[in-house]
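Right, one structure below, let's go through it.
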Amino acid sequence: MSAQLAIQGATKHFGGITANEDISLEVPEGRVIGLIGPNGSGKSTLFNSIVGYHPVDGGSIRFEGREITRLRTAEIARLGLIRTFQQTHVFVRMTGLQNMAISDAEAGHGLFRLMRPVSAETRERAEALLAFCGLYGKRHLMAGELSFGQRKLLELAMALMVRPRMLLLDEPTAGINPTLINGVIERLQRANREFGVTLFVIEHNMRVIMSLAEHIHCLAHGRLLASGPPEALRNDQRVIDAYLGAR
Amino acid sequence: MAATPPGTGPDVPMDFETALSVDAVEEAARELAGEGPSRDDLEALCQGEPAIDIRGLRAGYGRMEIVHGINLVAGRGQSLCLIGPNGAGKSTVLHTIFGFADVMAGSIQVGAKDVTRLASSRRLSDAGVAYVLQDNSVFPDMTVEENLLMGGFLLHRRGAAKQAAERVFDRYDRLAQRRHRRAGVLSGGERRLLEISRALIMEPDVLLVDEPSIGLEPRFIDMVFEILADLQRRDGKTIVMVEQNAKKGLEFADIGYVLVSGRLAMAGPGDALLEDPEVGRLFLGA
Amino acid sequence: EAQAKVEGDTVYLGAAVSLTGKYTTAGEHTQRGYDLAVKTINDAGGITVGGKTYRLEVIYYDDESTPARGAQLAERLINQDDVEFMLGPYSSGLTKAIAPVTEQYGVPMVEANGASLQLFNKGYRYLFAVLSTTEQYLASAVALAAELAEREGRDPATLKLAGAFENDPFSQDIRAGVLADAEKLGIQVVIDDQLPPELNDMAATLAKTKALKPDILVVSGHSKGAALAIRQVEEMRVDVPMLAITHCDSADVIGKFGAASEYTLCASQWAPTLSYQDDVFGSAADFAATFEAEYGYAPPYQAAESSAAVLVFADAFERAGGFDKDAVRDALAATEMQTFYGNIKFDETGKNIAKPMVLYQIQDGAYVVVAPTRWAASEVRHPTPPWSER
Amino acid sequence: MTLRRQPLLMLAVAAAGVALPFVIPDYRAQIAMLWALVIMAQTWDITGGQTGYNSFGNILFFGVGMYASVVVQRDVGLDYFPGLVLGMVVGAGIAAALAVLLGSMILRMRGHYFAIATLGLGIAAGEIAGGWDYLGAGSGLSPPLFPAPPGTANLFFAYLFFGLAALVFVLLAALYRTRFGLALNAIRDNEDKAEAMGLHTGVYKVTAWTMAAFVLGLVGGAMGNMLGFVDPRDTAFAGATFGVWMVLMAILGGKGTLWGPVLGAVIFHITQELLWTHLLGWQRVALGVIIVGIVVFFPQGILGWARTRWPARHEPREQGSERA
Amino acid sequence: MAANVALLGEAPFLILQLLLDGLMIGAIFAVAAYGMALVWGVMNVINVVQGEFVMLGGFITYQLTLWGVSPLWGVPVAAIVLYFIGASLHHVVIRRVADRDMFISLLATFGLSILLQQLMNQIWGGDVRTAQSGLGTWFLLDYTVTVSQMKVAACGGAIAIGGVLILFLKRSRLGQAIRATAQNPRAARILGIDTNRVFAATYGINAALCGAAGALVVMAYSVHPYIGLPYTVRSFMIVIVAGLGNLPGVIVAGLGLGAAENFAGFILGVQYQVAFVFILLVVILVIRSSLLQRRRQFLK
Ligand SMILES: Nc1ncnc2c1ncn2[C@@H]1O[C@H](COP(=O)(O)OP(=O)(O)OP(=O)(O)O)[C@@H](O)[C@H]1O
Ligand SMILES: Nc1ncnc2c1ncn2[C@@H]1O[C@H](COP(=O)(O)OP(=O)(O)OP(=O)(O)O)[C@@H](O)[C@H]1O
Ligand SMILES: [Mg+2]
Ligand SMILES: [Mg+2]
């Protein structure tokens, strides 16, 4: 089976800083893949390159057999490749339901399809997904009035609303209360299992990444340092030296 | 009681075992806490003369009150850690101590000085309070050295700031190697180190630290806590910190406070809270 | 419906003038001209209409030098303040905006500061202008240049003319007049620059002037254009035999630039040395003295013509014997009078055909009339010596 | 503004719009101007308030409409009304075309860069018109006189602008309820995120601006005739007056809301008329003070301020805990 | 237009003359632009009253000449008076809008700008004012090229002011505080810097720079109450072209703009000079934005 997302030799420089250097990795369909690495090792940069936030300097990125290296953010998103942000990004002066309604890719993004009122189906699915993420009771609140953790959950619900083929999650549990983290992990696992969404996750929280990911890649200094199943990586001396530190 | 979502279609499963709501955690914590600790309980936790003493503080932003009447006392050379769910008002408490938020009632005393109405730009010079912010606070276009010198902005002799900076470089080799680099290119951990050591140039008595470990890789987290421990043990600083990584925070701190919806729910010695099963369930995700 | 705005013994005239914005200076002269005439008439007992005496009063609004505002204020004067007789605003642009409104309502307007010829080819029946229209402003200067050339035994067709005109209705009309005159006389136009209203540097035009060495330089751009021209011609040592501009006196170029303004020719609607007179103010010189006593400076022609507009209204009221709009309009159309400002007689388009423009020259720190010959107090000094000899 | 009271309010405004020109006939010119200002504020708000793209140059479209309409009336040789209608439509068409063309270039800029670019376009347009002889250059143009007895012109324009304002209001009310309206809001709140969700942000922005341009073209086309004189800098491309006022009115009322621009325009126009009457020569000083006052004390507009003051009044809000 | 270009070829001294005149007005633009860059960079406020500060500086200098003082004194006097005006405006208005949406401060300063315009119109009248510095003129190339000594002095003064400002920011204590505040105001506050006072000082310095520029303007050109807008707009353009935080770039861009404008006025006809400037502004913005777009970044 060929991978859903295939990155070949991705390289990205910012001025004199090398953020990514010749990174090649694959994300197979339907799996949960982790991405770890020290601060500044280029994880977020790699995500940004994948979704077309900034073009890579070299290398190629393919999604479901299609070359997406030069495509723009919105085009890539319409292929079903959606990301969430390390700092939450939601539409702060719109209610939770409105945030969801505009994320409904099935209702269409074309100008003419947009010029219709929100359909009953969209609304139903939005409410269901909000409930899934524990936000049903807050659906009429402005997203800006939600707490940090709730915004992260809303962002997740919005991403699911798109019915993405693959989700790139940048530190989905950073700054979330440890108790709620368990809930997030369960939701993510269910989304993966039951909606069939492939997950590609950046995390610094080892508890989260170890229980979530089936396979983990570790970056250091912009390069791919090691890859393997969680257990193997946890005991990989290179990863311990570069990232985990002596325990 | 709960509003049931309509149209829960077949494709959205709804049978979860884990809670996913800040409110649910708060509810439980409030029940657990009952009235919350009394002023006497808090004073009992404080050892020696209080270095920081907050009474009946109500504070927030503009008209919005976020902290609803809390007390806080920590003795000289003690460390205190605030934990609690997102949006509980932990950062707001620190903001208020430094004068970044609006006080509606209550008083804040640092050492022997009442600072409730003091301008925030004078809290460092007049009351010896230093603050390490939750988010990044270096001057990105200045070098590491210039950043440290800015830490001594209030020192009227330029030489004094220079000496203080040299002491920092002697102590932390990592920074010394990078002294002429722009601070904007430092890694997250190095930046945190710079922020903390810059806060110490003026030799403050009280150090406020907001989430020292956020966004840091595991190795750096350990390093930062070592630095803090060093400061407390060796230099006898009083440290008030907020930490979402509650386990780390409580392990480190002498005193732990649990803040829920702007009120104190529990207080106790750090290790005692750590062992409390309810705290574990609600805040440590055990 | 609206009643004629004649309350008790007071007749109200309406006026929108520029108290702020780019025409502030001239707007103020206009307002003072109106005020002085009203005050002088009232002090002398007012006007007698149908055996009863009335006082005059003006209701003012500030049009901010913008036409859109002017049109609205005219509506407001007519509809809300029930004014039935209007005095004009300052500048051709504003008059162009207000005239359609007064025309619609059949409200007679006597204006003193809208010189654009275009105002008088629209068939307006209620618009009367006491001043000479734009094409006459610098015509005498161009004619003078041709005359002087002939006297020197030179063919006027060999003359070269440079012009810089502000890009507003007034100056653009002047430009049209100058270009037409030049064409008629066969004078070659070597520079034809249009100055933007916000310009405060004419260096580019003047540099061109230096390169092309024209015989006449013509500048029109309200007070600002006048000040700029005199100042920069001196500063850049632009040698040109004849410099003719508008708005010398309202810009007070003698006061500001002293000797640098010598030899400049200035187009003017009026001069205090003219020999006109009337019963209200006396002679032109008397008017000048009254004005100076009241406001502390010599009246620029904008003030004089504004005062004259009020005199014309007063005269028309008395002849109409009442305040019926159309009767007053007809009386205005039949005006034939002399004022301190000049003779006034309107043609069927409403412009004053009885009064010529005058041309001043600044000689020894004073404005001296040099054309037309009938009023010339002194011979024109020509050509202007080069700066190296001044 | 509760949803339930909206129809009532709309009915009241509609009744006022129909009755006013006869209740206070002396004020017809001001009433016509009022509705025109309402439209300007409404259209500015499409990009400024709803999409977060603050334009200082929408006056461009107003001026284009004004010139196009007068030139059509001058050169095509139709009677007054057919000429006016054709002129307005042509003006609106050109304005919309310009919006598409320019919008696809400058709507890529964000924040104040966009604002300044539009400011530049607005001023440049005035200067170009001022130098272009076909458009009368600095002398401006005079539209034909209204072919009816005095007073009827104002009546006509009062109803014309009222009708247009009402139509724009109803259309915008419908538009903001569609997902297109949500998409504009999404761009305003976080354009990066909107793109990351797959929205065609560029197309929506240009569409929104074009709608505003089209309507402004119509307004300008009629306004030239109402004012009776077209001057390049002070009437058509009057950035310092109409150009800024439309922004100010929307902000005063509350930008990004349906009623805010309407409310803002009404209050602004009345205040300004009072100032003109009572503060001869000082009225613009007062206007400056008012502008500063508005942005200092009502940065969210009157509606926004009312909302923080009486927060419970808008949008249904359900309390109660969600499913655990 | 072609004729104008040909004329440049026939009379090459014109090129020199246009260039000199352009550079001299450009230098004055640059001074106002320094101030704008400062306020923009430090306080994130686009200051639309810039031109009115210039105008005020001009009127103050003019007032001095009425009292019989040499207008050359206007440079320091206007700078000092404007510093206090700026600092008080900051206290009353700017401080309340500075940390909000930038658009709000844009509008607030716009309000101030029409307020000041009209106030000056009421106080001094709408007349055009000039002040005679008493300096003469130099002639080059056998009287064909004229250089007003006042303009040269203005140009030199402008460059000197720029140099002093750069040194001041780098070396002085206040300068350091300004730089720190620009980069991270919150961090500056936790180090005991009173950012509010830094902002007031920054705004005051900006006003002072404009005041000095205004004094030069009234001596070299003229002022009237409505003269501000061109200075504001040109300051803005210069800052955009130079890039924020690039003070040496500001002077180069200022000189370049002055020259470009003068040549454009000559070649296209003066009536299109202003249109040229604004279209240039838009073109620069569009080009900068599409260059950035290639890197998927935005002008924002
Ligand atoms: N837009 C940018 N311009 C310049 N440098 C950048 C930019 N974005 C990222 N960098 C640099 O690239 C490097 C990699 O950054 P990146 O954000 O990818 O790290 P990360 O692995 O996500 O780290 P963290 O765990 O702290 O989020 C860093 O040195 C960062 O400073
Ligand atoms: N500047 C502000 N203005 C208004 N409200 C604010 C502001 N900062 C924070 N809040 C609100 O105050 C509440 C408490 O915020 P605070 O930052 O103190 O929480 P916290 O306990 O530190 O949470 P976290 O763990 O997410 O950092 C939140 O509801 C937040 O939305
Ligand atoms: Mg990252
Ligand atoms: Mg916090």
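Quick one: which of C:174, C:191, C:187 is buried (at least 24 other Cβ atoms within 10 Å of the Cβ) and closer than 30 Å to residue E:277 by Cα?
C:174
Within region A:62-73, can one find any residue that is in contact with a strand residue (DSSP E or B) (Cβ under 6 Å, 6 or more places away or on another chain), within 16 Å of ligand 1 (Cβ to nearest atom) and modelled with pLDDT of 90 or more? No; the residues of region A:62-73 include none that is in contact with a strand residue (DSSP E or B) (Cβ under 6 Å, 6 or more places away or on another chain), within 16 Å of ligand 1 (Cβ to nearest atom) and modelled with pLDDT of 90 or more. Residue count for region A:204-247 under the criterion of being over 20 Å from the mean Cα position of the chain (by Cα) and in a loop (DSSP other than H, G, I, E, B): the result is 6.
When B:97, B:66 are checked against the criterion of being over 25 Å from residue B:284 (Cα atoms) and either aliphatic (A, V, I, L, M) or within 16 Å of ligand 1 (Cβ to nearest atom) (or both), B:97 stands alone in meeting it.
To keep it simple, each residue is scored yes or no on (1) in contact with a Ser or Thr (Cβ under 8 Å, 6 or more places away or on another chain); (2) among the hydroxyl-bearing types (Ser, Thr, Tyr).
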{"site": "A:194", "(1), (2)": "no, no"}
{"site": "A:198", "(1), (2)": "no, yes"}
{"site": "A:203", "(1), (2)": "yes, no"}
{"site": "A:209", "(1), (2)": "no, no"}
{"site": "A:212", "(1), (2)": "no, no"}
{"site": "A:227", "(1), (2)": "no, yes"}
{"site": "A:237", "(1), (2)": "no, no"}
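Filtering A:148, A:200 for residues that are within 16 Å of ligand 1 (Cβ to nearest atom) and of a type in the set (Phe, Trp, Tyr) leaves a single hit, A:200.
In this structure, residue B:7 does not satisfy being over 30 Å from residue B:233 (Cα atoms), within 14 Å of chain A (Cβ to nearest Cβ) and either modelled with pLDDT of 80 or more or within 16 Å of ligand 2 (Cβ to nearest atom) (or both).
Taking region E:261-280 as the range and being of a type in the set (Val, Ile, Thr) and buried (at least 20 other Cβ atoms within 10 Å of the Cβ) as the test, the residues that pass are E:270, E:274, E:277.
Is it true that residue D:175 is over 18 Å from residue D:52 (Cα atoms), at pLDDT 90 or above, within 14 Å of chain A (Cβ to nearest Cβ) and in a helix (DSSP H, G or I)? The answer is no for residue D:175.
Report those helices (runs of 4 or more DSSP H) wholly inside region C:121-222 carrying at least 3 residues which are within 14 Å of chain D (Cβ to nearest Cβ).
In region C:121-222, C:169-185 are the helices (runs of 4 or more DSSP H) which contain 3 or more residues that are within 14 Å of chain D (Cβ to nearest Cβ).
Would you be able to say whether some residue in region B:214-228 is assigned to a loop (DSSP other than H, G, I, E, B) and over 17 Å from residue B:189 (Cβ atoms)? No, because not a single residue in region B:214-228 is assigned to a loop (DSSP other than H, G, I, E, B) and over 17 Å from residue B:189 (Cβ atoms).
Against the list (1) at the interface with another protein chain (Cβ under 8 Å from one of its Cβ atoms); (2) farther than 30 Å from residue A:69 by Cβ; (3) assigned to a helix (DSSP H, G or I); (4) hydrophobic (A, V, I, L, M, F, W, C), the condition residue E:286 fails is (2). Within region A:30-44, the set of residues being within 8 Å of ligand 1 (Cβ to nearest atom) and touching a residue at least 40 places away in the same chain (Cβ under 8 Å) comprises A:37, A:38, A:41, A:42, A:43, A:44. When we screen D:60, D:98, D:84, D:102 for residues that are within 14 Å of chain E (Cβ to nearest Cβ) and surrounded by 24 or more Cβ atoms within 10 Å (Cβ to Cβ), the only hit is D:60. Within region C:14-27, the set of residues being more than 7 Å from chain E (Cβ to nearest Cβ) and in a helix (DSSP H, G or I) comprises C:26, C:27. Considering region B:176-199, the residues that are under 17 Å from residue B:225 (Cβ atoms) and modelled with pLDDT under 85 include one that is surrounded by the fewest Cβ atoms within 10 Å (Cβ to Cβ), namely B:188.
Residues of region B:252-286 that are in a helix (DSSP H, G or I), within 14 Å of chain A (Cβ to nearest Cβ) and surrounded by fewer than 24 Cβ atoms within 10 Å (Cβ to Cβ): B:274, B:277, B:278, B:279, B:280, B:281, B:284. Any residue in region C:114-121 that is touching a Pro at 6+ places or on another chain (Cβ under 8 Å) and touching a residue at least 60 places away in the same chain (Cβ under 8 Å)? Within region C:114-121, none of the residues are touching a Pro at 6+ places or on another chain (Cβ under 8 Å) and touching a residue at least 60 places away in the same chain (Cβ under 8 Å). In region A:151-181, the qualifying residues are those that are surrounded by fewer than 21 Cβ atoms within 10 Å (Cβ to Cβ), within 10 Å of chain B (Cβ to nearest Cβ) and of a type outside the set (A, V, I, L, M), and the one that is farthest from ligand 1 (Cβ to nearest atom) is A:163. Taking every residue in region B:82-105 that is without any contact (Cβ under 8 Å) to a residue 24 or more places away in the chain and pairing it with any residue that is of a type in the set (S, T, N, Q) and more than 8 Å from ligand 2 (Cβ to nearest atom), at least 6 positions away or on another chain, the pairs with Cβ-Cβ distances below 9 Å are B:100/B:120. Would you point out the residue of region A:180-203, among those that are of a type outside the set (A, V, I, L, M) and outside any helix (DSSP H, G or I), that is modelled with the lowest pLDDT? Restricting to residues being of a type outside the set (A, V, I, L, M) and outside any helix (DSSP H, G or I), the top hit is A:195.
Those residues that are buried (at least 19 other Cβ atoms within 10 Å of the Cβ), away from ligand 4 (no atom under 16 Å from the Cβ) and part of a loop (DSSP other than H, G, I, E, B), I need them from region B:236-251; list them, please.
The one that is buried (at least 19 other Cβ atoms within 10 Å of the Cβ), away from ligand 4 (no atom under 16 Å from the Cβ) and part of a loop (DSSP other than H, G, I, E, B): B:237.
Yes or no, residue by residue, for (1) closer than 30 Å to residue C:26 by Cα; (2) within 13 Å of chain C (Cβ to nearest Cβ); (3) at pLDDT below 90:
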| site | (1), (2), (3) |
| --- | --- |
| E:143 | no, yes, yes |
| E:150 | yes, yes, yes |
| E:160 | no, no, yes |
| E:163 | no, no, yes |
| E:184 | no, no, yes |
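Checking each residue of region A:78-91 against the condition of being away from chain D (no Cβ under 14 Å) and either within 16 Å of ligand 4 (Cβ to nearest atom) or in contact (Cβ under 8 Å) with a residue 12 or more places away in the chain (or both) gives no match. Mind checking which strands (runs of 3 or more DSSP E) fall wholly inside region B:55-155 and carry at least 1 residues that are within 13 Å of ligand 2 (Cβ to nearest atom), within 14 Å of chain A (Cβ to nearest Cβ) and of a type outside the set (S, T, N, Q)? Result: B:64-75, B:79-83.
If you go through region E:225-235 one residue at a time, do you hit one that is aromatic (Phe, Trp, Tyr), touching a residue at least 60 places away in the same chain (Cβ under 8 Å) and within 14 Å of chain B (Cβ to nearest Cβ)? No, there is no match, as no residue in region E:225-235 is aromatic (Phe, Trp, Tyr), touching a residue at least 60 places away in the same chain (Cβ under 8 Å) and within 14 Å of chain B (Cβ to nearest Cβ). The condition of being surrounded by 24 or more Cβ atoms within 10 Å (Cβ to Cβ), touching a Lys or Arg at 6+ places or on another chain (Cβ under 9 Å) and among the hydroxyl-bearing types (Ser, Thr, Tyr) holds for only one of E:226, E:231, that being E:226. Counting only strands (runs of 3 or more DSSP E) wholly contained in region A:1-118, the ones carrying 2 or more residues that are within 16 Å of ligand 3 (Cβ to nearest atom) occupy A:5-14, A:17-27, A:32-36.
Filtering region B:20-28 for residues that are surrounded by fewer than 20 Cβ atoms within 10 Å (Cβ to Cβ), at pLDDT 70 or above and of a type in the set (A, V, I, L, M) leaves a non-empty set.
The values are calculated or read from the model by the stated rules, or taken from the named source; none is laboratory data. Note that the structure is predicted; figures quoted are calculated from it, not measured. When we count neighbours, we look across all protein chains shown, and the Cβ atoms used for this are built from the backbone with ideal geometry, even at glycine.
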